[in-house]
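The structure appears right after this line, and notes come after that.
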Amino acid sequence: MENFYIEGSKGIYFIPTVNFNADTGVCELSGESYLEETIKFYTPLIQWLERYFEEVGKPLTFNFKLTYFNTSSSKCIVDILNLLKKYKDKGHDVTVNWYYDDSVEDIEDELEEVEDFMLETGLEINLIPMSKARDKESKDNKKNQGDK
Amino acid sequence: MQEQATDYKYIIEELKADVFAISYLGAIDRNLLALMAKNIEEKTAETTPTATKKIFKVFIELSQNIALYSAERGISSDSHSSGQGIIIFKELNEYFLVFTGNMASKSDVIALTKKIDSINAMSHKELRDFKRKMRNLKHTDMGRGNIGLIQVALVSGNPIEYKVIPLDEEKSFVIIASKINKN
């Protein structure tokens with residue numbers, strides 16, 4: 001199954017970056033999602049996930065790294081989470097991570113939003129501060145350089 | 001229609017009478033939203049970073065409301081049919097204000113004001129519960145701008161203010177305002 005990639009844009013279109021990898025089972029949605037035609041944008045993402053579940057059927061990790069999203073996008077995020085929940089309920093290994101920017105003072109709104117996603121879909125979402133993720137990435141890079 | 005545009009010209013002048021930061025009148029499209037959002041971010045990010053994110057969210061939801069639901073349509077810069085209206089962003093001493101104004105049919109105005117009244121009567125928890133309930137409906141059953149307005153109330157933490165100015169037998173000009181505290 002082919003991978004799925006869309007380059008995000010912040011200037012005019014507010015499109016998030018989509019990076020779905022069928023080989024590793026890691027899917028990432030990052031950047032900003034303030035689209036007007038949300039369903040049109042998110043439908044291929046949902047279709048790709050449905051195909052992955054049918055054709056690949058391996059564990060899946062979904063990383064959300066969204067900094068801004070509108071309510072119309074949040075409806076599509078719920079659709080994705082509901083789909084992941086169904087896959088998990090069938091006995092598959094599903095991990096959902098939500099990365100948030102802990103460098104800003106007011107993160108209550110965002111954390112509340114993630115809590116609502118969990119309540120709404122019954123799916124567990126791991127909250128990961130971006131600073132922690134960056135530290136880990138930096139340590140991994142150093143380790144890799146040391147290995148070489 | 002030209003006549004209608006003239007009719008609400010005085011309302012716009014009235015809205016702009018105080019000191020304002022950014023205002024726009026016309027078809028709402030993504031180019032415009034991006035430009036205004038960038039200006040708002042630049043204007044507020046340094047002095048009030050905590051409010052910037054809230055302003056941005058409120059601004060996007062209210063402007064997309066015009067783009068989708070205004071009774072007056074225009075052709076946007078990217079050649080799409082889009083709702084026409086006015087967006088004003090103001091900075092005052094204690095808070096920021098995001099105003100939008102657009103034409104709407106009398107029946108839409110009745111439904112909209114009823115919706116805003118019920119949103120304003122809800123606590124923070126009730127708003128969250130209501131948002132989850134609405135979001136779980138099918139896309140087609142979600143209703144016009146429901147979640148957007150709930151989100152505006154949740155993010156701003158203040159009641160949504162509105163004013164309806166009848167223009168003729170069928171149409172009114174509706175102004176929606178959201179106040180975002182600086183701290």
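The values are calculated or read from the model by the stated rules, or taken from the named source; none is laboratory data. Since this is a predicted model, take the numbers as computed values, not measurements. We place every Cβ from the backbone using ideal geometry, glycine too, and count neighbours over all the protein chains shown.
Residue check: A:Gln47 meets all listed conditions (1) surrounded by 13 or more Cβ atoms within 10 Å (Cβ to Cβ); (2) closer than 22 Å to A:Asp93 by Cβ but one, namely (1). Filtered by the rule that a residue be basic (Lys, Arg), more than 26 Å from A:Leu111 (Cα to Cα) and outside any helix (DSSP H, G or I), the range A:48-69 gives a lone residue, A:Lys58.
If we scan the range B:152-163, do we find a residue that is over 27 Å from B:Ile40 (Cβ atoms), in a loop (DSSP other than H, G, I, E, B) and away from every other protein chain (no Cβ under 14 Å)? No, the range B:152-163 contains no residue that is over 27 Å from B:Ile40 (Cβ atoms), in a loop (DSSP other than H, G, I, E, B) and away from every other protein chain (no Cβ under 14 Å).
Comparison of A:Asp102, A:Asp89, A:Asp140, A:Asp116 shows that the only residue that is free of Cβ contacts under 8 Å to residues at least 12 places away in the same chain and touching a helix residue (DSSP H, G or I) at 6+ places or on another chain (Cβ under 6 Å) is A:Asp116.
Regarding the range B:86-109, can at least one residue be identified that is more than 30 Å from B:Thr48 (Cα to Cα) and assigned to a loop (DSSP other than H, G, I, E, B)? No; the residues of the range B:86-109 include none that is more than 30 Å from B:Thr48 (Cα to Cα) and assigned to a loop (DSSP other than H, G, I, E, B).
Summed over the range A:1-21, the residues that are loosely packed, with under 14 Cβ neighbours inside 10 Å, in a loop (DSSP other than H, G, I, E, B) and not polar (S, T, N, Q) give a count of 4. For the range B:99-115, the condition of being under 19 Å from B:Lys54 (Cβ atoms), buried (at least 18 other Cβ atoms within 10 Å of the Cβ) and among the aliphatic types (A, V, I, L, M) holds for none of the residues.
Could you say which residue among B:His124, B:His80 is within 14 Å of another protein chain (Cβ to nearest Cβ), surrounded by fewer than 18 Cβ atoms within 10 Å (Cβ to Cβ) and within 20 Å of B:Leu33 (Cβ to Cβ)?
Exactly one of B:His124, B:His80 is within 14 Å of another protein chain (Cβ to nearest Cβ), surrounded by fewer than 18 Cβ atoms within 10 Å (Cβ to Cβ) and within 20 Å of B:Leu33 (Cβ to Cβ), namely B:His80.
Is one or more of the residues making up the range A:133-141 exposed (fewer than 14 other Cβ atoms within 10 Å of the Cβ), within 14 Å of chain B (Cβ to nearest Cβ) and either more than 17 Å from the chain's Cα centre (by Cα) or modelled with pLDDT of 90 or more (or both)? No, because not a single residue in the range A:133-141 is exposed (fewer than 14 other Cβ atoms within 10 Å of the Cβ), within 14 Å of chain B (Cβ to nearest Cβ) and either more than 17 Å from the chain's Cα centre (by Cα) or modelled with pLDDT of 90 or more (or both). Checked against (1) at pLDDT below 90; (2) surrounded by 15 or more Cβ atoms within 10 Å (Cβ to Cβ); (3) touching a strand residue (DSSP E or B) at 6+ places or on another chain (Cβ under 6 Å), B:Gln64 passes all but condition (3).
Scanning the range A:22-47 for residues that are of a type in the set (A, V, I, L, M, F, W, C), part of a helix (DSSP H, G or I) and under 14 Å from the mean Cα position of the chain (by Cα) gives A:Leu45, A:Ile46.
With respect to being at pLDDT 75 or above, basic (Lys, Arg) and surrounded by 20 or more Cβ atoms within 10 Å (Cβ to Cβ), B:Lys54 fits the description. Of all residues in the range A:1-30, those satisfying the criterion of being within 14 Å of another protein chain (Cβ to nearest Cβ) and among the hydrophobic types (A, V, I, L, M, F, W, C) are A:Ile12, A:Phe14, A:Ile15. None of A:Leu119, A:Leu81 is within 14 Å of chain B (Cβ to nearest Cβ), at pLDDT 90 or above and crowded, with 18+ Cβ neighbours inside 10 Å except A:Leu81. Across the range A:84-116, which residue is farthest from the other protein chains (Cβ to nearest Cβ) among those that are assigned to a helix (DSSP H, G or I) and at pLDDT below 95? For the range A:84-116, the residue satisfying everything is A:Leu111. Considering the range A:31-73, and only residues there that are free of Cβ contacts under 8 Å to residues at least 40 places away in the same chain and of a type in the set (Gly, Ala, Ser), the residue that is nearest to the other protein chains (Cβ to nearest Cβ) turns out to be A:Ser72.
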